[in-house]
Amino acid sequence: MDLQQLELTRAAAGQPRFRARQVWEWTAAGAQGYEEMTNLPLAVREQLAAQLPFSSLELREQHHARDGTVKALFATADGRPLEAVLMRYREPRAGGTPRRGEQRERPRQARGRRSICVSSQSGCPLTCTFCATGQMRFGRNLTVSEILDQALYFRRVEELARRDIPSRQVSSSGALPAPITHCVFMGMGEPMLNLDNVLGACERLPDLGITHRRTTISTVGWIPGIEALADSELPLRLALSLHAADEALRSELMPVNERYPLREVIEACRGFYTRRRRRVFIEYVMLAGVNDRYEQALALARVLGDGSEHGRSIFKVNLIPYNPTAAGAYRGSGRESIAAFRAALESRGIPTTVRLTRGRDIDAACGQLAASTRAGG
Ligand code: SAH
């Protein structure tokens, strides 16, 4: 939904200001179209339907993975392809131990995490060698509405799922699908190259229930963007795609390292922490025989260890199992190498997790969002 257009349409129709707010409230709450906005006069709903597209994106394809992940392939009005993914995580077991800060008596539907992974550009101008998006042609930056409409789309998907559950089932399982809780800018594109529009969309996400603190911007290490994010008023999280702890290897994997070398990027992340007091996530995709050796884990710990403050690491590493891509000349590290790499980092005091791989059977996992063949024509 283009909120600027909404405002113009409202003003041109001579409608009171609160109408635009009503429309947005319905939309953010998962309404499927103008026809559901029952506190608006019918004539207004019809006028909106005729004048203002409900979404700036057209759904071209949708795939459901066995693990509940949904991938949507969209086209913009000018035919640019982009993809976004919804990841649903199972609710904790009823009798299970509550996690820290989680109270057992909280309603169960509040706990299932729903995370969306959104795109900031159609294609990507950067050419990371292991990423499928990097292999497709760069299209353009997405607008605020095109970014927001990805989130709104999944908001509607979850709202429909909620309506579909017969009340009988709700009471027996006690589990309603939760609205979306988290957003990561880890779809197509480099968010820092389109930061104004990314931030413009982020401003609206809390209306959908996604707070700034549960919204993460992931970057290849575009330093001006990291600095701008540190200066932003929104308390968003930062993730850095690092993938190698030495300059030469990183330049090989991610040519952008020639422009913004690792050492300076880490310095910028440290600056982000100093300003915001928010831990920075480090993403590290595990490539067999390339960046997964024991010495490389130690080198990574050294690079990040310089960033610890009063013994507490300001970085948290997320090891990503490599997802094969069509263009890929890489093999993913095995489970054991990933576990050993993690143990090496943790022994040096760096908090480390291994990312769950989601939606691999539908090419929705990290780096697999290419969209070129199917959306292009
Ligand atoms: N340009 C930003 C946002 C895209 S994020 C960035 O690079 O951070 C996409 C994430 O998925 C990045 O961490 C990227 O390195 C990772 N990724 C890319 N290709 C991958 C692949 N084939 N397997 C696993 N992770 C991959």
**Report entry** Among (1) β-branched (V, I, T); (2) open to solvent by 50 Å² or more (accessible area, probe 1.4 Å); (3) over 15 Å from I116 (Cβ atoms), the one test that T219 misses
**Finding:** (2)
Query raised in the report: In the set T133, T127, which member is at pLDDT 90 or above and of a type outside the set (F, W, Y)?
Result: T127
Query raised in the report: Just to be sure, is I266 under 27 Å from M192 (Cα atoms) and open to solvent by less than 60 Å² (accessible area, probe 1.4 Å)?
Result: yes
Requested in this report: Say whether the condition of being at pLDDT below 95, part of a helix (DSSP H, G or I) and either more than 16 Å from the ligand (Cβ to nearest atom) or within 16 Å of M87 (Cα to Cα) (or both) is met by at least one residue in segment 173-195.
Outcome: yes
Report summary line: So, first residue within 12 Å of F341 (Cβ to Cβ) in segment 281-292, second residue part of a loop (DSSP other than H, G, I, E, B) and more than 9 Å from the ligand (Cβ to nearest atom), Cβ within less than 6 Å, six or more apart or across chains; the pairs are M286/D292; M286/S333; A288/R331; A288/S333; N291/A244; D292/S333
Query - Meets criteria (open to solvent by 20 Å² or more (accessible area, probe 1.4 Å) and either modelled with pLDDT of 95 or more or under 16 Å from the mean Cα position of the chain (by Cα) (or both)) for G225 - result: no
Query - Out of S313, S337, S308, S347, sole residue that is hydroxyl-bearing (S, T, Y) and in contact with an Asp or Glu (Cβ under 6 Å, 6 or more places away or on another chain) - result: S337
Query raised in the report: Applying the selection to segment 128-164, what residues are farther than 12 Å from T27 by Cα and aromatic (F, W, Y)?
Result: F130, F138
Query raised in the report: Restricting attention to segment 288-308, which residues are surrounded by 21 or more Cβ atoms within 10 Å (Cβ to Cβ) and either within 30 Å of A230 (Cβ to Cβ) or of a type in the set (S, T, Y) (or both)?
Result: N291, A297, L300, A301, L304
Query raised in the report: What is the number of the single condition among (1) open to solvent by 70 Å² or more (accessible area, probe 1.4 Å); (2) aliphatic (A, V, I, L, M); (3) touching a residue at least 40 places away in the same chain (Cβ under 8 Å) that L52 does not meet?
Result: (1)
**Report entry** Residue list for segment 1-24, restricted to those being more than 21 Å from E146 (Cβ to Cβ) and within 30 Å of the chain's Cα centre (by Cα)
**Finding:** R21, Q22
Requested in this report: Consider S145 carefully, then state whether it is at pLDDT 95 or above and within 13 Å of the ligand (Cβ to nearest atom).
Outcome: no
Query raised in the report: Just a yes or no: is a residue in segment 332-342 of a type in the set (K, R) and surrounded by 16 or more Cβ atoms within 10 Å (Cβ to Cβ)?
Result: yes
Query - Residues satisfying the stated conditions in segment 309-319, i.e. open to solvent by less than 60 Å² (accessible area, probe 1.4 Å), at pLDDT below 95 and out of contact with any Phe, Trp or Tyr (no Cβ under 6 Å at 6 or more places or on another chain) - result: E309, S313
Query raised in the report: Which pairs have Cβ atoms under 9 Å, sit 6 or more apart or on different chains, and link a residue in segment 309-335 that is more than 22 Å from L356 (Cα to Cα) to one that is among the polar types (S, T, N, Q) and within 12 Å of the ligand (Cβ to nearest atom)?
Result: A327/T129; A327/Q135; A329/T129
Report task. Hey, could you check segment 153-172 for residues that are modelled with pLDDT of 65 or more and β-branched (V, I, T) and say which is surrounded by the fewest Cβ atoms within 10 Å (Cβ to Cβ)? Result -> I165
Report summary line: The number of residues in segment 124-137 that are in contact with a Gly (Cβ under 7 Å, 6 or more places away or on another chain) and either small (G, A, S) or away from the ligand (no atom under 12 Å from the Cβ) (or both) is 3
Report task. Quickly run through segment 289-326 and pick out the residues that are within 16 Å of the ligand (Cβ to nearest atom), part of a loop (DSSP other than H, G, I, E, B) and either over 23 Å from the mean Cα position of the chain (by Cα) or over 23 Å from G134 (Cβ atoms) (or both). Result -> G289, V290, N291, D292
Query raised in the report: Among all residue pairs at least 6 apart or on different chains, which show Cβ distances below 9 Å where the first residue, located in segment 113-140, is closer than 28 Å to P206 by Cα and charged (D, E, K, R) and the second is within 10 Å of the ligand (Cβ to nearest atom) and open to solvent by less than 20 Å² (accessible area, probe 1.4 Å)?
Result: R140/Q121
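The values are calculated or read from the model by the stated rules, or taken from the named source; none is laboratory data. The model shown is predicted, which means the values in this text are computed figures rather than measured ones. Cβ: placed from backbone, ideal geometry, glycine included. Neighbour counts: every protein chain shown. Heads up: the accessible areas ignore ligands, DNA and RNA and are worked out on the full protein's heavy atoms, side chains in. Shrake-Rupley method; radii C 1.70, N 1.55, O 1.52, S 1.80 Å.
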